[in-house]
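Taking it in order: structure first as structure tokens, then the write-up.
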Amino acid sequence: MADIKNEGEEGTAKQGNVLAGFVLYRDANMDWPRFIHSLREDWGIEVQDPVKDNALVFHTEGMVVACSLMPGPVPDREAEENARNNIFWKDGSAEAAKHRAHVMLAVMNKFDAMEQAQLFAKVAYSLLKLKNAIGIYKNPTVYEKRFYMDIAEGMKKGDLPVPIMIYLGAYVTKEAKYCAYTSGMTFFGKKEIEVVDSLKQADEVINFMCAIAEYVLLENVELKDGETIGFTEEQKLPISVGDGVSVKGTTVKIGF
């Protein structure tokens, strides 16, 4: 990277933020013992609290985790509609429509947004490990079970699960140019990132966006207006900061 200041001036996430999502199931047969076993075996999270009325609340890593089974679909076809936003899951809406129950997952009361997001991913992984799981609805999209679990699995070797910590959206303009954007960077105290009207291939833009987001989060950097960024000494991509094109509010736009 080049010409980027490591100051983290965007600040940190507000204290006490709640991370929430809905794990979708084909039926309401919730295997709580298997879920608790996965937490222990996969992540070393010990749960001593009992399941009451198909709900489990426990403390770990300085946070509160709440899981509650709802024996019915997410209301108003919300999951199915938001599954259309998943650019990596072609049949996402149709698959999400098959859910007949869901678990409301919330991770609360942590001042470190990165740790909170990673704990959420660990618990979601263990909920998705159940045989009847389909995916997880985490606004503004639904992640396919295997995709989410594969990304979360990387945490076991120290990887940051960026593709499931933030949302990556993309679309093609009438001029056949490619636009991509993030949603969720603000939770970590950062501005959302955009690439507007790129002539690159779709996979190049998505991979670039993921790499930039990971860099910003891992290194806690601020991308400033008028500076440049690049992955090589020769690459100097212009940065501009202003009103968002695909996202509301002020965003960082990178010429790619």
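The values are calculated or read from the model by the stated rules, or taken from the named source; none is laboratory data. The structure presented is a predicted model; accordingly, all values stated were derived computationally and were not measured. Note that we place each Cβ from the backbone using ideal geometry, even for glycine, and neighbour counts take in every protein chain shown.
So how many residues does the stretch 156-185 have that are buried (at least 18 other Cβ atoms within 10 Å of the Cβ) and in a helix (DSSP H, G or I)?
Number of matching residues: 5.
Enumerate the strands (runs of 3 or more DSSP E) found wholly within the stretch 186-256, keeping only those where 3 or more residues are within 23 Å of the chain's Cα centre (by Cα).
Once the strands (runs of 3 or more DSSP E) in the stretch 186-256 are filtered for at least 3 residues that are within 23 Å of the chain's Cα centre (by Cα), what remains is 192-198, 250-254.
Across the stretch 14-65, what is the number of residues that are under 24 Å from residue 144 (Cβ atoms), of a type in the set (Asp, Glu) and in contact (Cβ under 8 Å) with a residue 12 or more places away in the chain?
Here the count works out to 3.
Among the residues of the stretch 62-76, are any in contact with a Gly (Cβ under 7 Å, 6 or more places away or on another chain), closer than 14 Å to residue 126 by Cβ and surrounded by 14 or more Cβ atoms within 10 Å (Cβ to Cβ)?
Within the stretch 62-76 (the criterion being in contact with a Gly (Cβ under 7 Å, 6 or more places away or on another chain), closer than 14 Å to residue 126 by Cβ and surrounded by 14 or more Cβ atoms within 10 Å (Cβ to Cβ)), the answer is no, since none of the residues qualifies.
Just the residues that are in contact (Cβ under 8 Å) with a residue 40 or more places away in the chain and farther than 13 Å from residue 87 by Cα, please, taken from the stretch 165-185.
If the condition is that a residue be in contact (Cβ under 8 Å) with a residue 40 or more places away in the chain and farther than 13 Å from residue 87 by Cα, then 165, 166, 183 are the ones that fit.
Among the residues of the stretch 132-147, what is the count of those that are outside any helix (DSSP H, G or I) and free of Cβ contacts under 8 Å to residues at least 40 places away in the same chain? Walk me through it before giving the result.
Initial filter on the stretch 132-147 (outside any helix (DSSP H, G or I)): 132-144.
Next, from what is left, pick out any that are free of Cβ contacts under 8 Å to residues at least 40 places away in the same chain: none.
Total satisfying the criteria: 0.
Residue-by-condition table, conditions (1) in a loop (DSSP other than H, G, I, E, B); (2) touching a Lys or Arg at 6+ places or on another chain (Cβ under 8 Å):
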site: 120; (1), (2): no, no
site: 126; (1), (2): no, no
site: 130; (1), (2): yes, yes
site: 149; (1), (2): no, yes
site: 153; (1), (2): no, no
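If the Cβ limit is 8 Å and pairs must be 6+ apart or interchain, which residue in the stretch 73-86 that is in the same structural domain as residue 28 (by TED's automatic domain parsing) and more than 19 Å from residue 28 (Cβ to Cβ) pairs with which residue that is in a loop (DSSP other than H, G, I, E, B) and of a type outside the set (Gly, Ala, Ser)?
Between residues of the stretch 73-86 that are in the same structural domain as residue 28 (by TED's automatic domain parsing) and more than 19 Å from residue 28 (Cβ to Cβ) and residues that are in a loop (DSSP other than H, G, I, E, B) and of a type outside the set (Gly, Ala, Ser), the close pairs are 82/139; 82/140; 83/89; 85/140.
What is the one condition in (1) surrounded by fewer than 17 Cβ atoms within 10 Å (Cβ to Cβ); (2) closer than 23 Å to residue 116 by Cβ; (3) touching a strand residue (DSSP E or B) at 6+ places or on another chain (Cβ under 8 Å) that residue 225 does not satisfy?
Of the numbered conditions (1) surrounded by fewer than 17 Cβ atoms within 10 Å (Cβ to Cβ); (2) closer than 23 Å to residue 116 by Cβ; (3) touching a strand residue (DSSP E or B) at 6+ places or on another chain (Cβ under 8 Å), the odd one out for residue 225 is (2).
Could you grab me the full set of residues in the stretch 38-83 that are under 17 Å from residue 130 (Cβ atoms), outside any loop (DSSP other than H, G, I, E, B) and among the β-branched types (Val, Ile, Thr)?
Hit for the stretch 38-83 is 65, nothing else.
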